[in-house]
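First the structure, in the form of structure tokens, and then the observations on it.
The values are calculated or read from the model by the stated rules, or taken from the named source; none is laboratory data. Computed from a predicted structure; not experimentally measured. Using ideal geometry, Cβ is built from the backbone for each residue, glycine included, and neighbour counts are taken over all protein chains shown.
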């Protein structure tokens, strides 16, 4: 689950970064035309990430030992889920 989530986040970054660059360096009309398709894909990726996060949270909540370990890990400053 975590590896799929990481791949989705990388894919999202690969789509959003060029759009941000395009918005910075090109005419607004061109940026709008080029960015229409990726927005739909990005929305789908965001939805998949949310679903994976929910599934991971359910797994954590179902197992007391895993839940305790997640609490311990995330209690360290600088680490978060």
Just for region 17-35: of the residues that are within 19 Å of the chain's Cα centre (by Cα) and exposed (fewer than 12 other Cβ atoms within 10 Å of the Cβ), which one is modelled with the highest pLDDT?
-> 17
From the list 45, 73, 60, which residue is surrounded by 11 or more Cβ atoms within 10 Å (Cβ to Cβ) and at pLDDT below 90?
-> 73
